[in-house]
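Enquirer: First the structure, which I've put down as structure tokens, then a few questions once you've had a look.
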Amino acid sequence: MIAMTNAPIDYHALTESVRSSQSGAVVLFLGTVREMTEGRRTMALEYEGYPQMAEAKLAELESQARSRWPIDRVAIMHRLGHLELGDISVAIAVSCPHRKQAFEAGQFLIDELKVSVPIWKKENWDDGTTEWVHPN
Amino acid sequence: MIAMTNAPIDYHALTESVRSSQSGAVVLFLGTVREMTEGRRTMALEYEGYPQMAEAKLAELESQARSRWPIDRVAIMHRLGHLELGDISVAIAVSCPHRKQAFEAGQFLIDELKVSVPIWKKENWDDGTTEWVHPN
Amino acid sequence: MLQVKLFAKAREVVGSPVAEVHWTDGQTVLQLKRVLVEKHPDLQPMISRLLVAVNNDYAADDAPIKTSDEVACFPPVSGG
Amino acid sequence: MLQVKLFAKAREVVGSPVAEVHWTDGQTVLQLKRVLVEKHPDLQPMISRLLVAVNNDYAADDAPIKTSDEVACFPPVSGG
């Protein structure tokens, strides 16, 4: 299951969706809005996405991950819109027969999501300025 | 928070307990009862623990992890008693500022738990036999 | 005319989620970037970092574009 | 007397969660294993793999034990 959403992410339901008796390991990753970034204080974040392409890219990433690890089930959800401190921006759940596979696949998915999935974040700093985050 | 329990593990509450706006990443690991192990079919598992020493060992592992990664919060819960297929035997949740730290710390904790925490599992195979699992 | 979806800072700078440009089928991604900057000079400072997606996939500078393609232009991604 | 908690297969083989053995303070972990096997011969096949914990920590074969210590004996762990 791959989806973009404007509502808070129900990571409990997401995690339940990947559990199965074929798998001995589930890894869940949550990205959450952190207050401090290199000494600057965040008040909130805005996420903007290109949902159609984002879902296509995430489906590609799932295929790549499945070709490398014996994945049972995967669920990925990314939130868009206004997020407050501590809110969950992304949740990735993976189940595999064994734990090493699940950790590696989960880390691969979030690493690659950050590189290739068309979603952008705008910082609202505590000095009142805003700034699109565009990694070099 | 470190605990042994005979009740089903509420990994949602466990995960909520490690979330914080100081951390951008949460990793949750769930160990679940897998049906097939090297071609044999499991019907159920019994977990037995030495709770007092298990909690002491887990506290040591938490300290070791904190000396290696900038961990914000950790929660570990291991279930004891009779578990059915798909049930959660162990849940480990870790929050860190950045994702790589959270993945590494989570994997360290489950790897070390399996090596040094006094808990034992007994297989109930589908041929009616039972067998204590004692890794070599 | 070619419809180009814009996102993030590219959208903000242009002031609209879509840019419309005159187009001849077969012109390339690189030509699209030039046309966009000509029409919206505020994109100039970010041109070297602009990405173009054609039909939901990243497209290289020499990839041709047709007016029937789904086309988007945006800065490097920063989700997660 | 020294009380020794037993777990998993060691508990099953002995048929009790606790073994009581005659003890002189200062005797070692290795001596405890020998005494346990003497009293419970069914432990013999697993003696090379038996672990002993003293006061909630793994203890080496040459570690001394007092009757006031919290002592446990069990096979290699298999949790998770």
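Taken together, the values in this text are just the output of simple stated rules run on the coordinates, not laboratory data. Computed from a predicted structure; not experimentally measured. Quick reminder, even Gly has a Cβ in these numbers, built from the backbone with ideal geometry, and neighbours come from all protein chains shown.
Enquirer: Using a Gaussian network model on chain B with a 10 Å cutoff between Cα atoms, which of B:Leu45, B:Leu85, B:Leu109 fluctuates the most?
Expert: Answer for the Gaussian network model of chain B: B:Leu85.
Enquirer: By DSSP, what percent of the beta bridges with both residues in chain D are antiparallel, rounded to the nearest 5?
Expert: Looking only at bridges with both residues in chain D, the antiparallel portion is about 80 percent.
Enquirer: In deg cm²/dmol and to the nearest 500, what is the mean residue ellipticity at 222 nm of chain D if only DSSP H runs of at least 4 residues count, each as -39500 (n - 2.57), divided by the residue total?
Expert: Counting only the DSSP helices, I get -6500 deg cm²/dmol.
Enquirer: Something else now. Can you give the net charge of the other residues whose Cβ lies under 15 Å from the Cβ of D:Glu70, counting K and R as +1 and D and E as -1?
Expert: Spelling it out: positives minus negatives among the neighbours equals -2.
Enquirer: Please give the charge dipole size of the protein assembly as shown, origin at the Cα centre, charges +1 on K and R Cβ atoms and -1 on D and E Cβ atoms. Round to the nearest 20 debye.
Expert: So the magnitude is around 360 debye.
Enquirer: Projected onto the charge dipole of chain B (+1 at Lys/Arg Cβ, -1 at Asp/Glu Cβ, origin at the Cα centre), which of B:Asn124, B:Ile88, B:Leu28 gives the Cα projection farthest towards the positive end?
Expert: B:Leu28
Enquirer: Determine the relative contact order of chain C: mean sequence separation of Cα pairs under 8 Å and six or more apart, normalised by residue count, in whole percent.
Expert: Relative contact order here is 40 percent.
Enquirer: Taking N as the number of residues in chain C, what is its alpha-carbon radius of gyration divided by 2.2 N^0.38 Å? Before the final figure, lay out the partial values.
Expert: Details: Rg = 11.4 Å, N = 80, 2.2 N^0.38 = 11.6 Å.
Against the empirical 2.2 N^0.38 Å value, I get 0.98 for chain C.
Enquirer: Oh, and also: For chain A, what does -39500 (n - 2.57) per DSSP helix run (n ≥ 4), summed and divided by total residues, give at 222 nm, in deg cm²/dmol to the nearest 500? Mind showing how you got there, number by number?
Expert: On the way: 3 runs with 44 residues, N = 136.
Taking each H run of at least 4 residues, the total per residue is -10500 deg cm²/dmol.
Enquirer: Would you mind checking the radius of gyration and Dmax of the stretch A:8-100 based on alpha-carbon positions, in Å?
Expert: Rg, Dmax (Cα atoms, Å): 15.1, 45.
Enquirer: Compute the distance in nm between two label points, each set 7 Å from the Cα along the Cα-to-Cβ direction, one at B:His82 and one at B:Ser17.
Expert: The answer from the label model is 2.6 nm.
Enquirer: Okay, next question. With unit charges on the beta carbons (Lys and Arg positive, Asp and Glu negative) and the dipole taken about the Cα centre of the protein assembly as shown, which residue among B:His78, C:Ala63, B:Ala102 sits farthest to the positive side?
Expert: In the protein assembly as shown, that residue is C:Ala63.
Enquirer: Past the 23 Å Cα-Cα mark, which pairs from A:Lys114/C:Lys9; B:Lys57/D:Lys39; B:Lys100/C:Lys9; C:Lys9/C:Lys66; A:Lys57/A:Lys121; C:Lys39/C:Lys66?
Expert: Working: A:Lys114/C:Lys9 17 Å; B:Lys57/D:Lys39 30 Å; B:Lys100/C:Lys9 28 Å; C:Lys9/C:Lys66 25 Å; A:Lys57/A:Lys121 18 Å; C:Lys39/C:Lys66 19 Å.
Exceeds cut-off: B:Lys57/D:Lys39; B:Lys100/C:Lys9; C:Lys9/C:Lys66.
Enquirer: Further question on the same structure: Starting from the Cα of A:Arg41, step 7 Å along the direction of its Cβ; do the same at D:Glu12; then give the gap between the two resulting points in nm.
Expert: 5.9 nm
Enquirer: Please determine, in degrees from 0 to 90 and to the nearest 10, the orientation of helix A:99-116 with respect to the longest principal axis defined by the Cα atoms of chain A, where the helix direction is its Cα long axis.
Expert: The two axes meet at around 40 degrees.
Enquirer: For chain A, modelled as a GNM with alpha-carbon contacts under 10 angstrom, which of A:Ile92, A:Ile119, A:Ile76 fluctuates the most?
Expert: With Cα springs under 10 Å in chain A, the top fluctuation among A:Ile92, A:Ile119, A:Ile76 is at A:Ile119.
Enquirer: Taking the inverse of the average 1/r across all pairs of different Cα atoms in the protein assembly as shown, what Kirkwood radius in Å do you get?
Expert: 24.6 Å
Enquirer: If you place +1 on the Cβ of every Lys and Arg and -1 on the Cβ of every Asp and Glu, how big does the dipole about the Cα centre of the stretch B:77-121 come out, in debye to the nearest 20? All intermediate terms of the calculation are to be shown ahead of the outcome.
Expert: On the way: 5 positive and 5 negative charges, 18 e Å.
Around 80 debye, computed over the stretch B:77-121.
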